[in-house]
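Below is one structure; the comments refer to it alone.
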Amino acid sequence: MKHIASSGASGAASSGASIRRRGLLGAGLALPMAGLLPTPRARAAGKPLKIGVLCDMSGIYADDTGQGLVAGVKVAVDQAGGTVGDRPIEVVFADDQNKPDIGTAIAGRWLAEQDVSAIVCASASSITLAVSDMVAERKKVLMVAGSLSADLTGKRCHPSTFQFGLDTYAGPVSVIGPTVKAGAKSWFIINVDYAFGQSLRDEGTKLIAANGAKLLGTTSFPLGTADFASQILQAKTSGAEAIALACGGSDWSNLVKQMHEFGITEGGQKLVTLTGGINEIQAVGAQYCLGMMLSTPFYWDLDDGSRAFAAKFRAYHGGRFPNWQQSDGYSGALHYFKSVAAAGTDDGVKMAETMRAMPVDDLLIKNAPIRADGQVMRPTYLMKVKDESAPNRADIFAYVSTLSAEQSWRPAAESACPALRKS
């Protein structure tokens, strides 16, 4: 597999890779897609189609995104046959280190100097919001695969930005209602203190009130906090029946571990995750999360399509199972490749129009339209953490129910996106 440099602000941020058809076929995972396989002569003739993958590869969110997000995109490249028309696909990737200055510098160099046409981003929301603005200005395309700020499809929406995964509305909307109905009438929120956590807190606050429950208080913590004693004691002494966790990655896992040490659930308070997923739960231990409900747009064992994707993904990622963020990288990249093939160009303006005109249809998402705010209108699933004694340790979720796209995403009438209000 041929390697190329990916520009960044440091050595860690500048690691990169180029994925070619020969290497993909050598892995034995080719799944050709009609219309994207050129002749050998044409294959060698075209200018590379470059796509960038930007996310945390060494810090708090590395397990959620990281090389697993790159692996998801590799599955998409493989399914496209390694080329689009006469253009070989190249993937560059870099570690944004959870730092907006580094993330935006990498994205800026990709767009201005390295001829990257599109970016798959699962960075901290503060980074993705800045990259979304940059991509719009430079007439490129952004596929969001794990950044959850609702502003990406709200007041800061752009025609060039597409949200494939959860946001801070969809995460809590399917969890808070059932938890209130189960008896949790008083709540306390603990959130990470930046755009992602703040948005989760604000959306959670509205949804708690809308479901007839009472919010007793909130507290926040800086990204990468090691000691949560102060936040946990505030939540415990509030007497809230439910404590909502508005964070992710290793912050989430460390917070839950420390909650267990403080005996929170033994004291009768319920932990409710607004966004946590398989990586976080595996890191903390499913025995500490039994019965916890969560919303997800993807689970590897949901159906035949998700299991087929997981098998291909695991071959690229050391046998590890994919999460929803990494699956979004696959869906976003594949939809982009299909759209380039349909449009016959990677011009950003034309691509944005083509991507919206085509439904998203792959192993995981079936004929989902894209709304004017960039949201892929796919269903989400309410899951429950089941007994750790499951034969397969990755098989930790029990299916509860399906929420339609209309139930999952913010109603159009409530959106702050100007494009959606005009549609």
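So, ALA419, is that one over 17 Å from MET293 (Cβ atoms) and outside any loop (DSSP other than H, G, I, E, B) or not?
Considered against the rule, which asks whether it is over 17 Å from MET293 (Cβ atoms) and outside any loop (DSSP other than H, G, I, E, B), ALA419 comes out as yes.
Filter region 353-389 for residues that are loosely packed, with under 15 Cβ neighbours inside 10 Å and small (Gly, Ala, Ser) and give the result.
Once the filter is applied, which keeps residues that are loosely packed, with under 15 Cβ neighbours inside 10 Å and small (Gly, Ala, Ser), region 353-389 yields ALA357, SER389.
Counting residues that are in contact (Cβ under 8 Å) with a residue 60 or more places away in the chain and within 30 Å of SER339 (Cα to Cα), which strands (runs of 3 or more DSSP E) fully inside region 141-253 reach at least 2?
Counting at least 2 such residues, we get 141-144, 161-163.
Report, by residue number, each residue of region 371-388 that is assigned to a loop (DSSP other than H, G, I, E, B) and out of contact with any Pro (no Cβ under 7 Å at 6 or more places or on another chain).
Passing the criteria: ARG371, ALA372, ASP373, GLY374, PRO379, LYS386, ASP387, GLU388.
Among (1) of a type in the set (Val, Ile, Thr); (2) modelled with pLDDT of 95 or more; (3) within 21 Å of CYS289 (Cα to Cα), there is one condition THR218 misses while meeting the rest; what is its number?
Result: THR218 fails condition (3) only.
From the list ILE89, ILE51, which one is more than 30 Å from THR275 (Cα to Cα) and modelled with pLDDT of 50 or more?
When all the criteria are applied, what remains is ILE89.
Please count how many residues of region 54-75 are modelled with pLDDT of 95 or more, more than 23 Å from ARG109 (Cβ to Cβ) and either in contact with a Leu (Cβ under 9 Å, 6 or more places away or on another chain) or surrounded by fewer than 24 Cβ atoms within 10 Å (Cβ to Cβ) (or both).
2
In region 105-146, how many are under 26 Å from LYS47 (Cβ atoms) and of a type in the set (Ser, Thr, Tyr)?
So the answer is 2.
Condition check: farther than 26 Å from ASN323 by Cβ and aliphatic (A, V, I, L, M). Does ALA213 satisfy that?
Answer is yes for this residue.
When you look at ASP96, is it crowded, with 24+ Cβ neighbours inside 10 Å and in contact (Cβ under 8 Å) with a residue 24 or more places away in the chain, yes or no?
Yes: the conditions hold for ASP96.
Those residues that are of a type in the set (D, E, K, R), part of a helix (DSSP H, G or I) and surrounded by fewer than 22 Cβ atoms within 10 Å (Cβ to Cβ), I need them from region 327-352; list them, please.
Of everything in region 327-352, just one residue is of a type in the set (D, E, K, R), part of a helix (DSSP H, G or I) and surrounded by fewer than 22 Cβ atoms within 10 Å (Cβ to Cβ), namely LYS350.
The values are calculated or read from the model by the stated rules, or taken from the named source; none is laboratory data. Nothing here was measured: the structure is a model prediction, and the numbers come from that model. All Cβ positions, glycine included, derive from the backbone under ideal geometry; neighbour counts span all protein chains shown.
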